[in-house]
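Accompanying notes for the structure given below.
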Amino acid sequence: MRIIGIETSCDETAAAVVENGRKVVTNVVYTQIPLHVPYGGVVPEIASRAHVEKIGEVVGNAMEGSGKIDAVAVTYGPGLSPALIVGLNAAKGLARGLSVPLIGINHIEAHLHTPFLYDDGDEAVAAPPEQMMPALGLAISGGHTTWIDMPRYGEYSIIGQTLDDAAGEAFDKAAKLLELGYPGGPKIDRIAREYFSGDADSSSLIPFPKGRPREGVSALAGLSAELCVSFSGLKTALLRYVQQNGGTEALVAAGEVPRIVASYQEAIVQAVADRTRRALRRGNYRSLIVGGGVSLNSRLREVLQNLAREERVELLMAKAKYCGDNGAMIAALAYYRRNLTGEAAMSVDVKPCLEVGG
Ligand code: KG4
Ligand code: ZN
């Protein structure tokens with residue numbers, strides 16, 4: 001069974017055809033990042049217009065040589081409303097035109113399917129998702145930092161999350177303050193890697209706060225503080241550090257930026273690793289599934305690999321090209337959610353704040 005997946009929730013216009021929920025047949029991603037660089041972040045109006053301009057070409061290219069399509073899948077949330085609308089409308093038209101079912105997909109749940117994707121010719125392929133349960137999911141991206149309990153494949157419940165900024169957002173905001181450009185995550189990752197490849201060790205790092213929320217605050221919404229993070233204090237600590245040390249320009253001139261970003265990244269990575277360890281110890285998990293753009297972070301990957309070894313769970317992470325937003329993850333998860341089709345799917349609206357398991 002071949003499904004085409006369409007993804008326009010943020011700043012990637014993407015479409016892909018996937019066979020039986022695992023094997024990627026075609027995968028097309030048009031990234032709008034250069035359009036948003038001058039603004040230091042994604043501008044919804046610009047994103048929406050760029051999706052309109054590119055969606056036809058991207059979907060057309062994904063369908064080229066893909067063979068017969070059996071269903072159309074599309075992200076209907078969470079994400080930016082004007083961006084989601086473009087993909088959803090395109091998907092409805094395509095499903096009608098091809099006379100095949102439409103399947104609405106949750107973007108975050110789809111990120112957690114990415115480790116199960118493979119390409120023709122891949123040697124190491126993950127076992128089927130059903131065999132990897134129960135799993136702890138960690139969706140970590142520009143919009144989300146969420147720990148998800150997955151007792152069986154397709155069942156999701158949030159057990160921890162960020163109370164404010166997502167990890168990717170925290171990286172992007174720091175990069176903006178330090179004038180490193182957008183998106184900040186990859187830039188900070190590279191600078192920190194270079195910093196640690198020199199003589200630097202962890203004793204040289206600035207002790208930024210590790211994002212531990214206070215027990216009992218209302219923002220926890222019933223979740224345990226032990227499994228949640230808050231990055232707003234970290235962001236403020238960075239701002240204060242920059243101000244107290246003469247501002248960004250002076251720190252650049254003094255060659256201090258690498259040490260600052262390495263310290264900042266370490267605070268995020270250690271906060272995420274700590275909550276992940278606590279979450280793993282609360283359950284009897286077979287695997288730890290990590291998805292989303294921030295899972296590209298080399299330090300996070302290293303720390304999570306060690307953590308998984310210590311906690312005796314299998315760590316499942318996607319190939320680099322499937323970590324960021326893409327249509328393949330949408331098409332693939334749709335294979336496992338084929339029951340969500342029919343006329344009801346045809347009348348589905350975008351849900352910008354769609355919850356995991358919602
Ligand atoms: O999953 P994604 O492509 O889009 C969302 O759904 O948000 O994630 C984008 C986020 C951005 O915040 C970007 O800075 C971050 O992922 N990111 C990274 C790295 N590569 C991308 N963060 C840290 N280290 C990286 N190597
Ligand atoms: Zn995403």
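The values are calculated or read from the model by the stated rules, or taken from the named source; none is laboratory data. Quick caveat, the model's predicted, so the values are computed rather than measured. Counting neighbours? That spans all protein chains shown, and the Cβs are built from the backbone with ideal geometry, glycine included. These accessible areas exclude ligands, DNA and RNA; they are computed on the full protein's heavy atoms, side chains included. Shrake-Rupley method; radii C 1.70, N 1.55, O 1.52, S 1.80 Å.
Which of rounded, prolate, oblate describes the stretch 86-177, given a ≥ b ≥ c as roots of the alpha-carbon gyration tensor eigenvalues and a/c under 1.5 marking rounded, otherwise prolate only if a/b is larger than b/c?
Working: a/c = 1.71, a/b = 1.21, b/c = 1.41.
Verdict is oblate for the stretch 86-177.
Of all alpha-carbon pairs in the stretch 3-72, indicate the percentage at a distance above 19 angstrom.
36 percent
Among LEU80, ILE159, ALA90, pick out the residue whose Cα is farthest towards the positive end of the charge dipole of the stretch 52-175, where Lys and Arg carry +1 and Asp and Glu carry -1 on C-beta, about the Cα centre.
Of LEU80, ILE159, ALA90, it is ALA90.
Give me the percent of accessible area attributable to carbon and sulfur for the stretch 178-322, probe 1.4 angstrom.
47 percent
Over the stretch 88-133, with the other protein chains present, what is the accessible area per residue in square angstrom, probe 1.4 angstrom? Could the numbers behind the result be given before it?
Working: 1820 Å² over 46 residues.
Here the residues of the stretch 88-133 average 40 Å² of exposed surface.
Highest first, please rank the peptides 27-38, 70-81, 131-142 by the mean number of other Cβ atoms sitting within 10 Å of their residues.
The most tightly packed comes first, giving 70-81, 131-142, 27-38.
Compute the angle between helix 298-311 and the longest alpha-carbon principal axis of the chain, please, reported from 0 to 90 degrees and rounded to the nearest 10.
Result, in degrees: 80.
Whole number in Å², please: accessible area per residue of the stretch 204-325, 1.4 Å probe, ligands, DNA and RNA not counted.
Working: 5570 Å² over 122 residues.
Accessible area per residue: 46 Å².
Place a +1 charge on the Cβ of each Lys and Arg in the chain and a -1 charge on the Cβ of each Asp and Glu, then give the dipole magnitude about the Cα centre in debye, rounded to the nearest 20.
Its charge dipole is roughly 540 debye.
What dipole magnitude, in Debye to the nearest 20, does the stretch 1-65 give about its Cα centre under +1 on Lys/Arg Cβ and -1 on Asp/Glu Cβ?
The calculated dipole for the stretch 1-65 is roughly 220 debye.
Which lysines, if any, have their Cα less than 23 Å from the Cα of LYS92, not counting same-chain residues under 8 positions apart?
LYS54, LYS68, LYS351
In the P(r) worked out for the stretch 167-298, what percent of Cα pairs fall beyond 19 Å?
53 percent
Hey, quick one: spin label on SER224, modelled 7 Å out along Cα-Cβ, who in the stretch 132-149 has an amide N within reach, i.e. under 15 Å?
136-137, 147-149
Going by amide H atoms built from the backbone, whose H comes under 5 Å of the H on THR26, apart from near neighbours?
VAL17
Using a probe of 1.4 angstrom, how much of the accessible area of the stretch 48-143 is carbon and sulfur, in percent?
Answer for the stretch 48-143 is 50 percent, counting heavy atoms of protein chains only.
Which whole number in µm²/s is D for the stretch 50-91 by Stokes-Einstein, with the Kirkwood Rh taken over Cα pairs at 20 °C and 1.002 mPa s?
Values: Rh = 11.3 Å.
Result for D is 190 µm²/s.
Show log10 I(q)/I(0) for the chain at q = 0.09 Å⁻¹, two decimals, from a solvent-free Debye sum over equal Cα scatterers.
For the requested q values the scattering log ratios are -0.49.
Rounded to the nearest 20 debye, what is the charge dipole size of the stretch 264-358 about its Cα centre when +1 sits on each Lys and Arg Cβ and -1 on each Asp and Glu Cβ?
360 debye
Pick out, from CYS10, VAL42, ALA62, the residue whose Cα sits farthest towards the positive end of the charge dipole of the stretch 7-74, with +1 on the Cβ of Lys and Arg and -1 on the Cβ of Asp and Glu.
ALA62
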